[in-house]
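Remarks on the structure that follows.
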Amino acid sequence: MGKTYQIAVIPGDGTGPEVVDEGRKALKAAAAKFDFKLELTDFDYGGERYLRTGEILPDNAADELRRFDAIYLGAIGHPGVKPGILEKGILLRLRFELDQYINLRPVRLYPGVETPLKGKGPEHIDYAVVRENSGGIYTGTGGISMKGTPHEVAVQSMVYNRFQVERCLRYAFDYTRKFGKKARGKGDTNTLALVGKTNVLTFVFDLWERAFHEIGERDYPDVKREYYHVDATCMYMVKSPEWFDVLVTSNMFGDIITDLGAETQGGMGIAAGGNINPEGVSMFEPIGGSAPKYTGKNIINPLAAICSGAMMLETLGEIDAARAIEEAVKDVTANKIKSLAAGKMGFSTSEVGDMVAERV
Ligand code: IPM
Ligand code: MN
């Protein structure tokens, strides 16, 4: 018998629990096939719990979760709770307290999936974004003064220190070496591109750019380095996504460009992400939200949650199991479901989960 992994599961709100259930099936099938064990422990964090108890997250939540090998999250967001409370109080708080300083978001078009990009197929849309996940505008200082008066002032600063930038870049270089296009047999080079705004944000991205080249030249000479401004990146993500291999960028830019990326890979039904602490406990989630209007109908697409489960296995080191889930998903998108959209798949949520699990 192989290793046993302790997994904390936070099904969360809306359709979160439904898609997580399908993820569990795929994970179990992969564990059985590749001879490891997953022990899943559920946590009820989310909007329902908050409305019931008035507590967003117990004080010791991060400490509890630190005892696990990984966290598998469904969705956070409840129509009965004002926007911002759960996002900040659960999702961002866990990311920060667990120091998940990387947000890894692959942008991969699977066979059979429709992209809004004309003339582009799976061979063109096949890259990953490494988003810095612990700093920047998300945690920078700020405040508002003279609020409500004609003279009110609001400030929210983009703050990065060398430490945050370096650790993110190192992760990105390592990831590129391991999973870049050359490493995956899809190209001649492993290429990491820094996405910034050196022409305007001349302090913050000067730091990023210098660190990028220093670290790259010294420790990763085998990884090719490129630089793009973030606005141009958006253009190329639409026009020439095949140029990209691995992109690394700041928290806010990463947030924005990965929604664009998700749309090009077929939308929120398929886009998966990992909040990663390479030295600690990481948390995997479908990028899409809780989709309240589809809740309980068994029509939401569970593939994003299933793919985030595969990312979790990859990060735990169960690479073959992760690939098996990915291949199963690809077979289902290529040969089975008609669309990724909720209610238009031609199958129910649980049928899609069953098909993936069978194929694994
Ligand atoms: C995401 C989300 C979050 C973010 C929100 C919900 C706080 O948009 O995971 O990309 O901005 O990081
Ligand atoms: Mn986002």
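The values are calculated or read from the model by the stated rules, or taken from the named source; none is laboratory data. These figures come from a predicted structure and were not determined experimentally. Backbone-built Cβ (ideal geometry, glycine too); neighbour counts: all protein chains shown. These area figures cover heavy atoms from the full protein model, side chains too; ligands, DNA and RNA do not enter into them. Shrake-Rupley method; radii C 1.70, N 1.55, O 1.52, S 1.80 Å.
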H213: passes all of (1) farther than 29 Å from I337 by Cα; (2) part of a helix (DSSP H, G or I); (3) outside the structural domain of R162 (by TED's automatic domain parsing) but (3)
Matching residues in region 178-210 - criterion: being in contact with a Leu (Cβ under 9 Å, 6 or more places away or on another chain) and assigned to a strand (DSSP E or B) | L192, A193, L194, V195
On the given criteria, is G269 modelled with pLDDT under 95 and either over 23 Å from N190 (Cβ atoms) or within 16 Å of ligand 1 (Cβ to nearest atom) (or both)?
-> yes
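When you go through N301, N275 one by one, which is the residue that is assigned to a loop (DSSP other than H, G, I, E, B), at pLDDT 95 or above and of a type outside the set (V, I, T)? Spell out how you get there, then give the answer.
Details: N275 fails: assigned to a loop (DSSP other than H, G, I, E, B).
Just a single option satisfies the conditions, and that option is N301.
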Pairs with Cβ under 6 Å, 6+ apart, first in region 309-323 and surrounded by fewer than 24 Cβ atoms within 10 Å (Cβ to Cβ), second acidic (D, E) | A322/E314
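Just the residues that are surrounded by 13 or more Cβ atoms within 10 Å (Cβ to Cβ) and not aliphatic (A, V, I, L, M), please, taken from region 190-212. Spell out how you get there, then give the answer.
Start the filter on region 190-212 by keeping residues that are surrounded by 13 or more Cβ atoms within 10 Å (Cβ to Cβ), which leaves 190-198, 201, 204-205, 207-209, 211-212.
Within region 190-212, N190, T191, G196, K197, T198, F205, W208, E209, F212 meet the criteria.
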Pick from A310, A342: which is within 16 Å of E22 (Cβ to Cβ) and assigned to a loop (DSSP other than H, G, I, E, B)?
-> A342
For region 324-344, how many residues are buried (at least 16 other Cβ atoms within 10 Å of the Cβ) and within 15 Å of Y110 (Cα to Cα)?
-> 14
Could you tell me whether any residue of region 326-333 is in a helix (DSSP H, G or I), touching a Ser or Thr at 6+ places or on another chain (Cβ under 9 Å) and modelled with pLDDT of 95 or more?
-> no
Go over the candidates T149, T141, T176 one by one and state the one that is closer than 24 Å to R210 by Cα, without any contact (Cβ under 8 Å) to a residue 24 or more places away in the chain and either more than 16 Å from ligand 1 (Cβ to nearest atom) or small (G, A, S) (or both).
-> T141
What about D63, is it closer than 20 Å to A304 by Cα and open to solvent by 60 Å² or more (accessible area, probe 1.4 Å)?
-> no
For L316: the one exception among (1) within 25 Å of E39 (Cα to Cα); (2) within 16 Å of ligand 1 (Cβ to nearest atom) = (2)
Just for region 110-163: of the residues that are hydroxyl-bearing (S, T, Y), part of a loop (DSSP other than H, G, I, E, B) and surrounded by 15 or more Cβ atoms within 10 Å (Cβ to Cβ), which one is modelled with the lowest pLDDT?
-> T139
If a residue has to be of a type in the set (K, R), more than 16 Å from ligand 2 (Cβ to nearest atom) and touching a residue at least 24 places away in the same chain (Cβ under 8 Å) to count, how many in region 96-124 make the cut?
-> 2
Out of R49, R66, report the one residue that is of a type in the set (K, R) and under 30 Å from D354 (Cα atoms).
-> R49
Can you confirm whether region 86-94 contains a residue that is surrounded by 16 or more Cβ atoms within 10 Å (Cβ to Cβ) and either without any contact (Cβ under 8 Å) to a residue 12 or more places away in the chain or in a loop (DSSP other than H, G, I, E, B) (or both)?
-> no
Select from region 70-85 the residues that are without any contact (Cβ under 8 Å) to a residue 24 or more places away in the chain and either within 11 Å of ligand 1 (Cβ to nearest atom) or aliphatic (A, V, I, L, M) (or both) and list them in ascending order.
-> P83, G84
From the residues in region 216-264 that are open to solvent by less than 10 Å² (accessible area, probe 1.4 Å) and assigned to a strand (DSSP E or B), which one is nearest to ligand 2 (Cβ to nearest atom)?
-> T249
When you scan region 1-82 for strands (runs of 3 or more DSSP E) that lie fully inside it, which ones turn up with 3 or more residues that are of a type in the set (V, I, T) and closer than 21 Å to N103 by Cα?
-> 4-12
For V107, state whether it is of a type in the set (V, I, T), in a helix (DSSP H, G or I) and touching a helix residue (DSSP H, G or I) at 6+ places or on another chain (Cβ under 7 Å).
-> no
